[in-house]
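Colleague: Have a look at this one before I ask anything.
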Amino acid sequence: MQAFHEIVITPENIPAIILLHTSKSINQPHWHESVELLASLDSQLHISCDQNTFNLKENDVAIINNSQIHCVSALEGHSFTSLSLRIAPEIFQKYCGKNHCWFDLNRSPEARKEIADCAQKLYELYSEENTQPYLLLEANSILFHIVYLMVTHIRSDYPADRLHYSEKYYNRYREIMRYMEEHYNEPISLEDVASFIHLSKEHLSREFPTYVGEGFREHLTNIRLNNAHKDLLGSDLPLIDIAIKNGFSDLRCYNRAFQKYYKTTPAQYRRKYKRLKNE
C-alpha cells in the first residue's frame, strides 16, 4: 500500500486538530505522527487501517494509532457525517513517558462509550462555533477528558505482531519526518537527510515520493509553510521575519511558495484574516 505523509501541526490554543466531515468520497491512504480519533455520527464509515478493513457503526469511535496507514470512506451509495480528532503526540509523551503509545478501544467498552459521547459533544460544539463564546475553553476540557480516558483505560502494550511487509520503510520515514520537522528552519538538503538516514542521495530521491506522496523539496516547503502559517495569523511579526524564522531564504522565496499553495500573497491573506476576525 503506497501512502503519503500528512503534515499535522496543531494550533497553539488547543493540542489537536478538530475536523468535521460530510462526504461521499474516499480519502487517499495516508499516515501521520498524531493519534487520530474517528467518530461516525449519523451513518457507518468504512475504514482501512494498515492491513485491516472494517465498518464503524453509527455513534461509535475508532482510533488510528501513531503512523498507521489509513483511509476512510462512506459505505457505497451513502454519505457520512464524522469527526476527526488528531491529537498532538506530545500530549501522550508527557503522560505516558514514551515516544509512542498504543491504544485499544476494546480494552474498555465503558470508556469507548464515554469517548464516543465526548466526540458527539465536540461535533455539536464546532457545528455551532459562531454562537459559542467559550468554545476553546469547552473544547479543551472535552479533549483533555478524552486524553484522560485513553491514557487510563485503553492504553495497551505496543503490539509485537504489528510488523508488515513495508514496516521497515515506514520506520525509516518516521525518522526522516522527525528529522525534517526538527530542522525545517535550517538550510537542510536532500544530502543532509540521506546522510542522516545512511542512504545515498539518489536512492532517497527515488524512494521519497513513494512513502511521502511528494518530492523532498516540495515536502520541506510544505512543512515550512504550515509552520509559518501559525506565525502569520498568530503574531504581528514582519513577513521577512516569518520567512527567515521558518527556513525560507528570503521574503521573495516565501511569497512565491505561499502564492503557489494559497493562491494569494501572505500580506493579503493576513489582512483578510484580521478583517474577518474583527467583523
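Colleague: Below 8 Å between Cα atoms, with a sequence gap of 6+, how large is the relative contact order for the chain in percent? Walk me through the numbers before you get to the answer.
Modeller: Working: 411 pairs, mean separation 44.9, N = 279.
Relative contact order comes out at 16 percent.
Colleague: I'd like the Kirkwood hydrodynamic radius of the chain, using the inverse of the mean 1/r over distinct C-alpha pairs, in Å. Walk me through the numbers before you get to the answer.
Modeller: Details: mean 1/r = 0.0489 Å⁻¹.
Averaging 1/r across every pair of different Cα atoms and inverting gives 20.4 Å.
Colleague: Going out from 0 in 5 Å bins, what whole percent of all Cα-Cα distances in region 167-278 drops into each bin?
Modeller: In order of increasing distance, the bins hold 2, 11, 21, 21, 15, 12, 9, 5, 2, 1, 0 percent.
Colleague: Can you work out the Karplus-derived ³J(HN,Hα) for every residue in region 237-250? Use 6.51 cos²θ - 1.76 cosθ + 1.60 with θ = phi - 60°, whole Hz, and x for glycine or proline.
Modeller: Result, ordered by residue: 4, x, 4, 5, 5, 4, 4, 5, 4, 9, x, 7, 5, 6 Hz.
Colleague: Which of the trypsin sites (Lys or Arg not before Pro) found in region 85-148 are in a DSSP loop and have at most 11 neighbouring Cβ atoms, other than their own, within 10 Å? Don't skip to the end; give the middle numbers.
Modeller: Details: sites: ARG86, LYS94, LYS98, ARG107, ARG112, LYS113, LYS121; in loops: LYS98.
For trypsin sites (Lys or Arg not before Pro) across region 85-148 that sit outside H, G, I, E and B with at most 11 neighbouring Cβ atoms in 10 Å, the list reads LYS98.
Colleague: So, one more: Divide the volume of the convex hull of the Cα atoms of region 232-274 by its number of residues and quote the answer in cubic angstrom per residue.
Modeller: On the way: hull volume 2.8 nm³, N = 43.
So the per-residue Cα hull volume is 64 Å³.
Colleague: In nanometres, what is the gap between the two model label sites at THR210 and LEU20, each 7 Å from Cα along Cα-to-Cβ?
Modeller: In this crude label model, THR210 to LEU20 measures out at 4.1 nm.
Colleague: So how long is each side of region 175-220 along the principal axes, counting just the alpha-carbon atoms, biggest first, in Å?
Modeller: So the extents along the principal axes, rounded to whole Å, are 24, 21, 17.
Colleague: Run the numbers on region 167-278 and let me know its relative contact order in percent, using alpha-carbon pairs under 8 Å that are six or more apart. Can you show the working numbers first?
Modeller: On the way: 83 pairs, mean separation 23.6, N = 112.
Answer for region 167-278 is 21 percent.
Colleague: Test of understanding: what is the full-extension gain from SER249 to SER108, defined as 0.36 nm times their sequence separation minus their Cα-Cα distance? Intermediate results must be reported in sequence, preceding the final value.
Modeller: On the way: separation 141, 0.36 × 141 = 50.76 nm, distance 5.08 nm.
45.7 nm is the gain from fully extending SER249 to SER108.
Colleague: Over all directions, the average projected area of the alpha-carbon convex hull for region 24-67 comes to how many nm²?
Modeller: Working: hull surface 12.5 nm².
Projected over every direction and averaged, the Cα hull of region 24-67 covers 3.1 nm².
Colleague: If you look at just the Cα atoms of region 40-129, how large are its Rg and its Dmax in Å?
Modeller: Over region 40-129's Cα set, Rg and Dmax evaluate to 14.0, 44 Å.
Colleague: Right, next: Apply the Debye scattering formula to region 55-95, with a single equal point scatterer on each alpha-carbon and no solvent, then give log10 I(q)/I(0) at q = 0.19, 0.20, 0.21, 0.23 Å⁻¹.
Modeller: -0.73, -0.79, -0.84, -0.95
Colleague: Provide the per-residue ³J(HN,Hα) series for region 136-144, in order, calculated from phi with Karplus coefficients 6.51, -1.76, 1.60 and θ = phi - 60°, each as a whole number of Hz, with x at glycine and proline positions.
Modeller: 5, 5, 5, 4, 5, 4, 5, 4, 5
Colleague: Follow-up. Using the scaling law 2.2 N^0.38 Å as the reference, what is the normalised Cα Rg of region 4-160? Don't skip to the answer; put the middle values down first.
Modeller: Values: Rg = 14.9 Å, N = 157, 2.2 N^0.38 = 15.0 Å.
Output field value: 0.99.
Every number in this text was worked out from the coordinates using simple rules, so none of it is lab data. Everything numeric in this text was worked out from a predicted model, so none of it was measured. In this analysis, Cβ positions are derived from the backbone assuming ideal geometry, glycine residues included, and neighbour counts consider all displayed protein chains.
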